[in-house]
């Protein structure tokens, strides 16, 4: 299967990572992407006051700056990306081995316009296992993955997902830090996540959602 970006020597996959004070996570996050060849890694920083940018540059990532706000940062990264496929990765999430082949295979399926990996946390407890099962059920049945699941799509389809087809959940987990659940508690974190998703699908602006979520976190 030929890819224009490969023929031209350009990256065929662009991994976009929004950051804000992620010095403890960014190196591990980037390391989880190194199994992909012909890939570019774009860190879009929202004004970190720690060593996030310094570490990202040392890890050979392309670093952009943007006003804080995950949606703004994702858009800035997508505008700069050269790859045929985009992967939106949270800085506290680790991609599974072979993720690039999973992206390519998923996007070759009929009627699939986007995909995500299974949701898994890096800490174990009965309550967190229940949250994982519910998140993965929602992702598969309702096609509403969390951002922690490393959502991916073709660059040409970005921003038009709802009108074009189905969202595929790949049977490989992206491992996400449980730090929010530890800090805020199991049910408060889950409630905030569900309210964010609900607000988005009710048409609330991403900037307003971001401000409200940050205030509650």
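Between rounded, prolate and oblate, where does region 4-177 land on the alpha carbon gyration tensor, with a ≥ b ≥ c its root eigenvalues, rounded for a/c under 1.5, else prolate if a/b exceeds b/c? Present the calculation step by step, with values, prior to reporting the outcome.
Working: a/c = 1.58, a/b = 1.10, b/c = 1.44.
The shape class here is oblate.
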- Could you give the radius of gyration (one decimal) and Dmax (whole number) of the Cα atoms in region 103-165, in Å? 13.1, 40
- With r as the distance between the Cβ atoms of residue 24 and residue 133 and R0 = 35 Å, compute the FRET efficiency 1/(1 + (r/R0)^6) and round to 0.05. 0.80
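Please give the peptides 12-24, 124-136 ranked by average Cβ packing (other Cβ atoms within 10 Å per residue), highest first, as a rough proxy for protection.
Values: 12-24: 23.3, 124-136: 14.3.
So the order, starting with the most tightly packed, is 12-24, 124-136.
Taking the mean number of other Cβ atoms within 10 Å as a proxy for protection, how do you rank 84-92, 107-115 from highest to lowest? Before the final figure, lay out the partial values.
On the way: 84-92: 24.0, 107-115: 15.1.
Answer by packing, highest mean first, reads 84-92, 107-115.
Report the extension gain between residue 124 and residue 157 in nm, rounded to one decimal, defined as 0.36 nm multiplied by the number of residues separating them, less their alpha carbon distance. Let's see the in-between values first.
Values: separation 33, 0.36 × 33 = 11.88 nm, distance 3.59 nm.
Gain on extension, residue 124 to residue 157, equals 8.3 nm.
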- Note on the structure: From fewest to most C-beta neighbours within 10 Å, the residues 117, 99 line up as 99, 117
- Going by how many other Cβ atoms sit within 10 Å of their own, how do 48, 37, 80 line up, fewest first? 37, 80, 48
- Message: Run the numbers for residue 105 and residue 142: contour at 0.36 nm per residue of separation, minus the present Cα-Cα distance, in nm.
- Response: 11.2 nm
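Here, each number is a calculation from the coordinates, and none is a lab measurement. Quick caveat, the model's predicted, so the values are computed rather than measured. When we count neighbours, we look across all protein chains shown, and the Cβ atoms used for this are built from the backbone with ideal geometry, even at glycine.
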